[in-house]
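J.: Questions regarding the structure given below will be posed in turn.
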Amino acid sequence: MDFKLLEDLVCLAHSTSFTSAARERFVTQPAFSRRIKALEQWVGAELVNRESQQLELTEQGQAFVVEAEEILNRLYLARDSARALKKNANNEISVAAQNSIVQTLFMQWMQHVEKAVGPVYVRLSSDRLADCIDLFVQGTVDYLLCYTHKELGLGIDPSRFQSAVIGMETLVPVSLAVNAQPKYCLPGTEHDPLPLVAYTHQSLFGKAINQLLDKQPCYLTRRYENPFAHTLKSMVLGGYGVAWLPRSFVKDELMRGELCIAGDESWHVPFEVRLYYRDPDNAFAKSIVQVSETMASIPSCKIA
């Protein structure tokens, strides 16, 4: 059995609804419900009372979640113990990072790390935010590099993990350039809404942009959707619409005049780039943390 299902049930037990639990686990509600159902099938008993108006576990569910939490705690402790015995003679680390960070701030981070500790062997995993978080929380990787937004949580337990801001990023609306002007420019008009090349609603960028659009009057029609910034950039370069992309991710296209900013600063969305890590237990790990904690003050790591 995938022990992520145990984490799902524990999360549900501490939530007020399937919706909030699914949001914390970075999956859609239907997908989360299927995972709970799969766990119930494995256990052979109903764990959630679906006839109640409020979320509540059945008697079997209440008993099972206590054991599930104990199992997870033991797994986490076992993994932490194994990690404490890990040899660092070869300066080896594993990192999970969102794709657009890998192509931008990650390299700056590695340069600063290697300047402090010497050559490092890096096992890098690049994927969607939810998958990167899973890899980190489960202990598959040592570090997590991701975007964070002050109004949107990631569901990472601060009592288990620490973090440091290593840089700043800004999502900016961009459009294909035509005669040095944006093909599409915000806010659009009621009779001619702009085609939006969008992130998925459940993604961190998608949630942040939805918040912005709730506050800013504009006229957009959602035409294309994908969770990856590099896919959205390709579609914008193809002239398919306007998209919000990390400024550092499109700086070369902006300088070459292939893309244009499609709205003033009121349409920009600031983010932090954070490094999540476990309590450093050796000099090598402590050096990485110390380097990371100083990066946010370096001008080159601030992308306005």
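The values are calculated or read from the model by the stated rules, or taken from the named source; none is laboratory data. Keep in mind it's a predicted model, so treat the numbers as computed, not measured. Here the Cβ is made from the backbone with ideal geometry for all residues, glycine too, and neighbour counts use every protein chain on show. SASA here: full protein model, heavy atoms, side chains in, ligands and nucleic acids out. Shrake-Rupley method; radii C 1.70, N 1.55, O 1.52, S 1.80 Å.
J.: In whole Hz, what ³J(HN,Hα) sequence does the range 151-164 give by Karplus (6.51, -1.76, 1.60; θ = phi - 60°), x for Gly and Pro?
T.: Result, rounded to whole Hz: 9, 10, x, 9, x, 9, 5, x, 7, 9, 10, 10, 8, 9.
J.: Identify which of the listed values of Kirkwood radius over Cα pairs in Å was calculated from the structure shown: [x] 23.7; [y] 21.9; [z] 21.3.
T.: Structure-derived value, by its label: [z].
J.: Per residue and in cubic angstrom, what volume does the convex hull of the Cα atoms of the range 192-281 have?
T.: 135
J.: ³J(HN,Hα) across the range 263-280 via Karplus (A = 6.51, B = -1.76, C = 1.60, θ = phi - 60°), whole Hz, x for Gly/Pro?
T.: Rounded to whole hertz, the list is x, 6, 5, 5, 9, 8, 10, x, 9, 9, 10, 10, 9, 9, 8, 8, 3, x.
J.: So who's got an amide H within less than 5 Å of the one on residue 194, skipping anything under 5 residues away but keeping other chains? H placed 1.01 Å off N, in plane.
T.: Amide H neighbours of residue 194, under 5 Å, 5+ apart: 189, 219, 220, 221.
J.: To continue, here is another question. What value, in deg cm²/dmol to 500, does the helix sum -39500 (n - 2.57) over DSSP H runs of n ≥ 4 give at 222 nm once divided by the residues of the chain?
T.: My calculation for the chain gives -13000 deg cm²/dmol from helical runs alone.
J.: Another question, then. For the charge dipole of the chain, defined by +1 on Lys and Arg C-beta atoms and -1 on Asp and Glu C-beta atoms about the Cα centroid, which residue among 6, 164, 116 has the Cα displaced farthest towards the positive pole?
T.: Most positive-ward Cα: 116.
J.: Separate question: As an exercise, identify the chymotrypsin sites (Phe, Trp or Tyr not before Pro) in the range 140-215 lying in DSSP coil whose Cβ has no more than 16 other Cβ atoms within 10 Å.
T.: When the chymotrypsin sites (Phe, Trp or Tyr not before Pro) of the range 140-215 are filtered for loop state and at most 16 Cβ neighbours within 10 Å, 161 remain.
J.: Right, here's the next one. Whole-Hz Karplus ³J(HN,Hα) for the range 15-25, in order, using 6.51 cos²θ - 1.76 cosθ + 1.60 and θ = phi - 60°, x for Gly and Pro?
T.: For the range 15-25, the Karplus curve yields 10, 9, 6, 4, 4, 5, 5, 4, 4, 5, 8 Hz.
J.: Would you mind classifying the range 66-169 by shape? Square roots of the alpha carbon gyration tensor eigenvalues, ordered a ≥ b ≥ c; an a/c under 1.5 is rounded, otherwise it is prolate if a/b is larger than b/c and oblate if not.
T.: Since a/c reaches 1.5 but b/c is at least a/b, the shape of the range 66-169 is classed as oblate.
J.: Using the Cα centre of the range 164-304 as the reference point, and only Cβ charges (+1 on K/R, -1 on D/E), how large is the resulting charge dipole? Debye, rounded to the nearest 20.
T.: Approximately 160 debye in magnitude.
J.: For a quick check, take a GNM of the chain with Cα springs below 10 Å and name the residue from 206, 139, 118 with the largest mean-square fluctuation.
T.: 118
J.: Heavy-atom accessible area per residue, the chain, 1.4 Å probe: how many Å²?
T.: Dividing the accessible area of the chain by its residue count gives 51 Å².
J.: A further question on this structure: Quick one: accessible surface of residue 46, probe radius 1.4 Å, all protein chains present, in square angstrom to the nearest 10.
T.: 110
J.: Continuing with the same structure: With a 10 Å cut-off between alpha carbons and a GNM built on the chain, which of 150, 251, 233 moves the most?
T.: In this elastic network of the chain, the residue with the biggest mean-square fluctuation among 150, 251, 233 is 150.
J.: Can you tell which of 168, 235, 107 shows the greatest fluctuation in a Gaussian network model of the chain with Cα springs below 10 Å?
T.: 107
J.: Here is a further query. Hey, how many Å between the Cα centroid of the range 206-246 and the Cα centroid of the range 21-40?
T.: Spelled out, the Cα-based centre of one part sits 26 Å from the other.
J.: Pull up all non-local amide H partners of residue 56: gap of 5 or more, or a different chain, and H-to-H distance under 5 Å with H placed in the peptide plane.
T.: HN-HN under 5 Å from residue 56: 49.
J.: Further, regarding this structure: How would 126, 20 line up by accessible area, probe 1.4 Å, largest first?
T.: 126, 20
J.: In the chain, what is the count of Lys pairs whose alpha carbons are under 15 Å apart, counting only pairs at least 8 residues apart or on separate chains?
T.: Lysine pairs meeting both conditions in the chain amount to 9.
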